[in-house]
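Heads up, the thing below is written out as structure tokens.
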Amino acid sequence: MDEAPTTVLYEPHIGESRPYWRDAVLGINDGLVSMVLLVAGVVGGGLSRPLVLLTGVAGALAGAISMGAGEYLATKSQDEVFQSELELEKTHIAHFRRQEVAQLYPMLRDLGVHPEDIDRTVTALSRTDEVLLNSMKVLEFGVVSGERRRPLTAMWMSGSLFLAGSIPSVVPFLFPISIAVALSWAIVMTGAALFIVGVVKTRVTRTNPVRAGLENLLIAGVGGIVAFLVGLAVGRSVAA
């Protein structure tokens with residue numbers, strides 16, 4: 001008996017948010033991981049709760065500003081490099097057009113275009129200077145207009161989400177509880193947040209949500225233990 005055909009529903013792409021998922025995941029993960037490491041380290045070093053809170057708030061603000069500024073400059077610089085390369089490509093097309101057209105042949109072969117179709121494809125992709133420039137933009141430089149990241153958006157995404165990621169590590173120290181209890185709450189809340197981030201990330205990556213959540217937890221857990229032990233060792237050496 002023939003099996004019934006499987007019905008596959010059309011799944012749309014995530015669209016304009018795609019270029020900024022890197023900034024979002026990097027920002028919130030960095031905020032969660034680095035802040036819990038910082039808090040664990042200074043608690044291990046023997047600081048009091050108010051000083052841990054002060055350190056956490058200062059670290060969160062400094063990290064968010066640094067992350068946002070760094071992402072802005074990196075994204076802007078990368079975009080300027082692309083723009084400079086495209087301007088040079090315009091010069092190459094104007095003065096060395098034959099060489100530029102010749103570059104299309106190996107690129108199309110690498111794409112798997114059938115040899116019988118390559119000549120026709122090259123003719124179509126080099127019909128005008130504008131078409132040739134757009135073809136080289138994609139094939140040679142990998143620049144797609146819809147995938148280019150805006151520096152200000154990248155800055156806001158990474159900086160604000162770093163700040164959001166720092167909240168679970170800082171909030172417990174606002175309350176009049178023991179250092180140990182506050183640190184425990186910070187670890188639990190950060191762990192839960194890391195797991196949730198890993199799960200949410202799979203909405204785009206389409207991978208196993210449990211595995212992604214546990215991966216985030218493992219990375220932060222190992223780092224947290226190391227940071228706490230280093231802080232403990234430094235605190236004892238200073239006190240000695």
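Side notes on the structure shown:
- V199 falls short on exactly one of the conditions (1) more than 18 Å from the chain's Cα centre (by Cα); (2) at pLDDT 75 or above; (3) assigned to a helix (DSSP H, G or I), and that condition is (1).
- Cβ separations smaller than 6 Å between residues 6+ apart or across chains give the following pairs from region 118-132 residues that are farther than 13 Å from P106 by Cβ to residues that are surrounded by 11 or more Cβ atoms within 10 Å (Cβ to Cβ) and β-branched (V, I, T): S126/V101; D129/I93; L132/I93.
- When restricted to residues that are modelled with pLDDT of 80 or more and among the aliphatic types (A, V, I, L, M), region 202-217 contains 2.
- Those residues of region 114-126 which are loosely packed, with under 10 Cβ neighbours inside 10 Å and in a loop (DSSP other than H, G, I, E, B), in sequence order: H114
- Qualifying position, being modelled with pLDDT of 80 or more, not aliphatic (A, V, I, L, M) and not in a helix (DSSP H, G or I), among P172, P168, P176: P176
Results for (1) among the β-branched types (V, I, T); (2) under 18 Å from the mean Cα position of the chain (by Cα); (3) within 28 Å of G59 (Cβ to Cβ), shown as yes or no for each residue.
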position	(1), (2), (3)
I118	yes, no, no
L125	no, no, no
V131	yes, no, no
V144	yes, no, no
R150	no, yes, yes
T207	yes, yes, no
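- Of L111, L61, all but one fail to be loosely packed, with under 14 Cβ neighbours inside 10 Å and either within 23 Å of the chain's Cα centre (by Cα) or at positive phi (or both); the exception is L61.
- Residues that are small (G, A, S) and under 29 Å from the mean Cα position of the chain (by Cα), drawn from region 174-196: S184, A186, G191, A192, A193
- Test: residue in region 74-92 that is in contact with a Gly (Cβ under 7 Å, 6 or more places away or on another chain) and at pLDDT 90 or above: no
- Region 15-109 holds helices (runs of 4 or more DSSP H) entirely within its bounds, and those carrying 3 or more residues that are within 22 Å of N216 (Cβ to Cβ) map to 21-44, 49-95.
- Taken over region 127-172, the criterion of being under 17 Å from R97 (Cα atoms), among the hydroxyl-bearing types (S, T, Y) and either touching an Asp or Glu at 6+ places or on another chain (Cβ under 9 Å) or surrounded by 19 or more Cβ atoms within 10 Å (Cβ to Cβ) (or both) is satisfied by S135 alone.
- Residue count, region 32-41 (criterion: over 18 Å from L194 (Cα atoms) and either more than 30 Å from the chain's Cα centre (by Cα) or crowded, with 24+ Cβ neighbours inside 10 Å (or both)): 0
The values are calculated or read from the model by the stated rules, or taken from the named source; none is laboratory data. All values reported here derive from a predicted model rather than from experimental measurement. Quick reminder, even Gly has a Cβ in these numbers, built from the backbone with ideal geometry, and neighbours come from all protein chains shown.
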